[in-house]
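Reading through the structure tokens given below for one structure.
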Amino acid sequence: MARYTAVSLFSGCGGFCEGVRLAGFDVKAAVEFDRFAAQTYRANFPEVALFEGDVHDFLAPDSEVWSNERERFAAVAPNEIDMLFGGPPCQGYSQIGTRVLDDPRNELYLQFIRVLKTLRPRIFIMENVPNMLLLGKGRFKREVLEAFSAAGYSNSGVQILAASDYGVPQVRKRAIFVGVRDGERLDIPVGDFLAGGLKNEEQPVQTVWDALRDLPEETAVHYESLPYPRPTVRREILDEMRLDRDGRWYSAASKSASAGGKRRLHNHHTKEIQDRRKKLIALLKPGAKGDTLPKDVWNGLRPEKWRRLPVDRPAYTILAQMHRDLSEWVHPRFERWITVREAARLQSFHDGFVFHSSEWQMLKQIGNAVPPLLARAVASVARQVLESLDDPDCNIPLQRPYQGDLLHALAHARP
């Protein structure tokens, strides 16, 4: 099987990279500005050259920072990389953000395009929140696609995906832009190729309890590792997560190697919970919100202020804001918040992917990450595109994608 190469921008702790690596790509370089996320990234991707700094300096010939780093990235050269991927920070156009077109944070997608024009990879993937497609009545989406076309990627498209369709035990919708370099022969629009290929990547729905049921109620007092829990029932998601099981995508050996070869439970710690809050969450049933609490307990304000994860369906979206307050992420069975490891599993990080820095930063890293199993599915289809470009006669089974409008696609995305 051919080994294709890739470069990652806005890498965070490495969720997107983990999925791309799992799909068979060699990630040659990654760019991340946050020093805490970079600490986790280095620990889990020691083979990748990491540019820890401002993306504006990466591959910038007039940058003194880049001139000092150039030798470490000799393998990153124009027309030598197969794929560029990444998700520019989305706070400027997320549902909970300001959603202002001229928000300076929205400019970072232009840095993605600058690097795209410099490297000229055969294909790119850019990930973001679905709300960016609706911003300015679709104006932002149009501007992004026009910029890709002007950069030499006129065969570009965008799809909205639900992570729960691809084995992730979480409802998380993402917008995925994909484009193929002009001059590469692909007989259909790449957006249709992506949509059809992803139909073949869909997996059975995994629930919160499927993903967490083997993890102990007792948590680490500090940041130390714990004895690895004994296996319980068989679940598809547990086969992917546990260090002692082979999954469909991960082998037990590869997961254990990532954790240093020792089967220990890492990152199973969480914020301390006061007795009064423990009594409050004990009143919440799995899947319930604050508005189900007795009237003398709930103050009538935002229902999501108190929220317990469901048992028999995927989790609602894991957000970076949980590093400030975990009251929206109450364990479905135990009277406590979820742990760092439990949050990681709900994002589909296997147990061998170990998070570093402070607990506060770990939760932020996890909430900001692209779920690895979602990334794997998208990167797998990108790989099929590359294989089709290399061998136009190869038989890639595609299903006819839905051709409706964006609002219909949003309304019918699986919850």
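The values are calculated or read from the model by the stated rules, or taken from the named source; none is laboratory data. Given the structure is predicted, the values throughout are model-derived calculations rather than measurements. Note: ideal-geometry Cβ built from the backbone for every residue, glycine included; neighbour counts use all protein chains shown. The accessibility values were calculated without ligands, DNA or RNA, using every heavy atom of the protein model including side chains. Shrake-Rupley method; radii C 1.70, N 1.55, O 1.52, S 1.80 Å.
Listed values, structure above:
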item	result
Global form of the range 143-211, assessed from the alpha-carbon gyration tensor, a/c cut-off 1.5	prolate
Accessible surface of the range 265-346, 1.4 Å probe, proportion on carbon and sulfur as whole %	49 percent
Karplus (6.51, -1.76, 1.60) ³J(HN,Hα), θ = phi - 60°, over the range 204-216, in Hz, Gly and Pro reported as x	x, 5, 10, 9, 4, 5, 4, 7, 10, 4, 8, 8, x
Helix 35-44 vs. the chain, principal-axis angle (Cα, 0 to 90°, nearest 10)	80 degrees
Crossing angle, helix 190-199 versus the chain [Cα axis fit, 0-90 degrees, rounded to tens]	40 degrees
Distance violations [Cα-Cα > 22 Å] among LYS173/LYS285; LYS271/LYS305; LYS173/LYS278; LYS279/LYS305	LYS173/LYS285; LYS173/LYS278
Cα gyration tensor shape of the range 287-331, rounded if a/c is under 1.5, else prolate or oblate by comparing a/b with b/c	oblate
Rounded to 10°, Cα long-axis angle of helix 372-390 versus longest principal axis of the chain	20 degrees
Simple spin-label estimate for LYS295 and SER154 in nanometres, 7 Å along Cα-Cβ	6.6 nm
Sparsely packed GluC sites (Glu not before Pro) within the range 23-55, loop by DSSP, other Cβ within 10 Å at most 14	GLU47
Rounded, prolate or oblate (a/c below 1.5 giving rounded, otherwise prolate when a/b exceeds b/c) for the range 207-349 by Cα gyration tensor	prolate
Net dipole in debye of the chain [+1 Lys, Arg Cβ; -1 Asp, Glu Cβ; about Cα centre; nearest 20]	1500 debye
For the chain: accessible area per residue (Å², 1.4 Å)	44 Å²
Length added when fully stretched, VAL221-ARG333, from 0.36 nm per residue minus Cα-Cα	38.4 nm
Largest to smallest accessible area among LEU386, LEU319 [probe 1.4 Å]	LEU319, LEU386
Protection-proxy order for peptides 199-211, 330-342, each taking the mean of Cβ atoms within 10 Å per residue, highest first	330-342, 199-211
Peptides ranked, highest mean first, by Cβ atoms within 10 Å: ranges 61-68, 241-248	241-248, 61-68
Part-to-part distance (alpha-carbon centres) for the range 213-292 and the range 4-71, which is given in Å	28 Å
Percentage of interatomic Cα-Cα distances in the range 102-228 larger than 21 Å	54 percent
Ordering of 287-295, 259-267, 115-123 by burial proxy (mean other Cβ atoms within 10 Å per residue, highest first)	115-123, 259-267, 287-295
Mean residue ellipticity (222 nm) of the chain, computed from DSSP H runs ≥ 4 via -39,500 (n - 2.57), nearest 500	-8500 deg cm²/dmol
All-pairs Cα distance distribution in the chain, expressed in whole percent, bin size 20 Å	27, 58, 15, 0
Added length on full extension, which subtracts the Cα-Cα distance from 0.36 nm per residue, GLU304 to ALA320	4.2 nm
